[in-house]
Amino acid sequence: MLVRNIIGMQSRRVPNNIESWLDYYNNNYRSTSRVTCCRCHSPAEVGAHVIKMQGTKEWYLVPLCKECFKEEVNFEVEDKYMIKVFLM
Ligand SMILES: [Zn+2]
């Protein structure tokens, strides 16, 4: 799915007193293997907010490393890595 990283969203409060968006991602992703950046497969450092670029504008959380997180660009992510988030 084609998505775009939106940097400013990181300041949103994480629900349920969870420490970071990456922890929130890990809690929801439920993988036994270590989560890696969905662009370059380095270790994940950030739970990044991305917006779907085609069809309905929906928001998702995906794991990124800090290098990839710096770039506000479009990229392809496999659906299985995406956790849906609801913005108020
Ligand atoms: Zn990366």
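The values are calculated or read from the model by the stated rules, or taken from the named source; none is laboratory data. Computed from a predicted model, the values in this text were never measured in an experiment. Counting neighbours? That spans all protein chains shown, and the Cβs are built from the backbone with ideal geometry, glycine included.
Worth pointing out:
- Taking the listed residues MET9, MET82, the one that is away from the ligand (no atom under 16 Å from the Cβ) and either touching a residue at least 12 places away in the same chain (Cβ under 8 Å) or surrounded by 14 or more Cβ atoms within 10 Å (Cβ to Cβ) (or both) is MET9, with no other qualifying.
- Only one of the listed residues (GLU19, GLU72, GLU58) is of a type in the set (Asp, Glu), more than 15 Å from the ligand (Cβ to nearest atom) and touching a strand residue (DSSP E or B) at 6+ places or on another chain (Cβ under 6 Å). That residue is GLU58.
- One residue from HIS49, HIS41 being outside any helix (DSSP H, G or I), at positive phi and either within 15 Å of the ligand (Cβ to nearest atom) or modelled with pLDDT of 95 or more (or both): HIS41
- Selection status of TYR81, out of contact with any Leu (no Cβ under 8 Å at 6 or more places or on another chain) and among the hydroxyl-bearing types (Ser, Thr, Tyr): yes
- Those residues of the stretch 68-88 which are β-branched (Val, Ile, Thr) and within 18 Å of TRP21 (Cβ to Cβ), in sequence order: VAL77, ILE83, VAL85
- Residue tally, condition surrounded by fewer than 17 Cβ atoms within 10 Å (Cβ to Cβ) and not in a helix (DSSP H, G or I), over the stretch 52-75: 11
- Some residue of the stretch 27-37 being within 13 Å of the ligand (Cβ to nearest atom) and closer than 10 Å to VAL3 by Cβ: no
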